[in-house]
1. Compute the distance in nm between two label points, each set 7 Å from the Cα along the Cα-to-Cβ direction, one at R180 and one at D133.
2. For the pair I103 and Q36, how long in nm is the line joining their label points, each one 7 Å along Cα→Cβ?
3. For the pair S166 and M1, what calculated FRET efficiency results from E = 1/(1 + (r/R0)^6), where r is the Cβ-Cβ distance and R0 = 30 Å, to the nearest 0.05?
4. List, largest first, the extents of the alpha carbons of segment 32-127 along their principal axes, each in whole Å.
5. How do V28, V77 rank when sorted from fewest to most other Cβ atoms within 10 Å of their own Cβ?
6. Roughly what % of Cα-Cα distances in the chain sit above 30 Å, to the whole percent?
7. How much FRET efficiency would the formula 1/(1 + (r/R0)^6) give for L153 and R55, where r is the Cβ-Cβ distance and R0 is 25 Å, rounded to 0.05?
8. On a 0 to 90° scale, report how tilted helix 41-60 is relative to the longest principal axis of the chain, with both axes built from alpha carbons and the result rounded to the nearest 10.
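Please treat every number below as a calculation from the coordinates, not as lab data. Since we're looking at a predicted model, the values are computed, not measured. Methodologically, a virtual Cβ is constructed for each residue, glycine included, from the backbone with ideal geometry; neighbour enumeration extends over all protein chains shown.
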Amino acid sequence: MQLINKYLPEYSFKEVHFCNVKADASSVIEAAAEYQPHNDRFFRSMIGLRELPMRIGSRLRGKKSNKSLPFGLHNFVMLEKQDGAGLAYGLVGQFWRPDFGLIAIPDGDTFRHFNSSGIAKLILSFSATLQHDGTTRLVTETRVFCPDLVCRLKFAPYWYLIRPVSGIIRGRILNDIKKRAS
């Protein structure tokens, strides 16, 4: 069973991207696990733009932003890693809010069983499959589960706004992993 189906079989939104890598599946998953988005200037710029309303709001209220580090993979919990097969990260929150409305979760079991109205669950997964030509197909899939209509209605505009940029970021992630694994 793929990790994404284990941790989030039902979902409201999804996005899938892939590439072929001239490396074995274990090397590809290791490269995915080592990926650090803060090294990508485009990623940093887009996250800075995304966090701008939160930072401006904090300044207008005369407070220093309570968010010290920009959003990144450190906000996710690693749900599970299967050597040579897959890797999954999870995130829980109200992503449409300026501060992302994140709720800390300690592990995959907590993520799987988390269910609270108005709060979305997001999974970011990587899977690696050996192809007939000897390359490895690397797939990254993002799924978001919104447990109720109100949550879906709040999340949908945010999703359609960020999705084009998210697609560009996913492509850049795949290219970086491909370079590191090859």
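1. Taking the two extended label points, one gets 2.4 nm.
2. 3.1
3. Efficiency, rounded to the nearest 0.05: 0.75.
4. The Cα atoms of segment 32-127 stretch 47, 35, 17 Å along the principal axes, largest first.
5. Details: V28 30, V77 17.
Ascending number of Cβ neighbours within 10 Å: V77, V28.
6. Details: 3153 of 16471 pairs.
Of all Cα-Cα distances in the chain, 19 percent exceed 30 Å.
7. Values: r = 26 Å, r/R0 = 1.05.
Plugging the Cβ-Cβ distance into 1/(1 + (r/R0)^6) gives 0.45.
8. With both axes taken from Cα atoms, the answer is about 10 degrees.
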